[in-house]
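Structure record follows, encoded as structure tokens.
What follows draws every value from the coordinates through simple rules; no lab data is involved. These numbers were taken from a predicted model, which means no experiment stands behind them. For neighbour counting, all protein chains shown are included, and Cβ atoms are generated from backbone atoms with ideal geometry for every residue, glycine included.
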Amino acid sequence: MILIVQSKLLRKNFNGITIWPFVILKHQELKNDAVLLNHERIHLRQQVELLIVLFYIWYSLEFLIRCIQYRNRNQAYRNISFEREAYYYQSDFGYLKKRKFYGFLKFL
């Protein structure tokens, strides 16, 4: 995981984004936020599982489907299976050691 602090790359409501192998953070102090970093590590694992490109295709398609379903961008984002898994386990610092392959599928 390569951490980069660059607030201009992120929308105002986002503190971080993972674009393999980088995690881009909005503020320097977020480098010490263990929960946020664990959330982003879960995304790194998801991206590797889906050979990176497939992750971004799936993520985009699921976001579009959720936008139609919920008619709300924030609610759509929160209900993407990758995000649901990451938010659910972001405080479980041992999760990645026990996570099953394609763990996000149970959040579809």
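Note on region 1-46: percent of Cα-Cα distances in each 10 Å bin, starting at 0 and stopping at the bin with the largest distance, equals 31, 61, 7. Computed over the Cα atoms of the chain, the ratio of the radius of gyration to the Kirkwood radius (Rg/Rh) comes to 0.95. Of the complete DSSP H runs in the chain, those spanning 20 angstrom or more by Cα along the long axis with a mean Kyte-Doolittle score not below 0.5 are 53-70.
Packing-based ranking of 25-31, 94-100, 84-90 yields 84-90, 25-31, 94-100, ordered from highest to lowest mean Cβ neighbour count within 10 Å. Label sites at Ala34 and Val5, each approximated as a point 7 angstrom past Cα along Cα to Cβ, lie 2.0 nm apart. Helical runs assigned H by DSSP (4 residues or longer) give the chain a calculated mean residue ellipticity at 222 nm of -14500 deg cm²/dmol, each run adding -39500 (n - 2.57) before division by the residue total. Derived scalar couplings between HN and Hα for region 11-24 equal 5, 4, 8, 10, 9, x, 8, 10, 10, 2, x, 9, 10, 9 Hz in order, rounded to whole Hz, by the Karplus curve 6.51 cos²θ - 1.76 cosθ + 1.60 (θ = phi - 60°), x for Gly and Pro.
Ordered by the count of other Cβ atoms within 10 Å of each Cβ, fewest first, Tyr102, Tyr59, Tyr77 give Tyr102, Tyr77, Tyr59.
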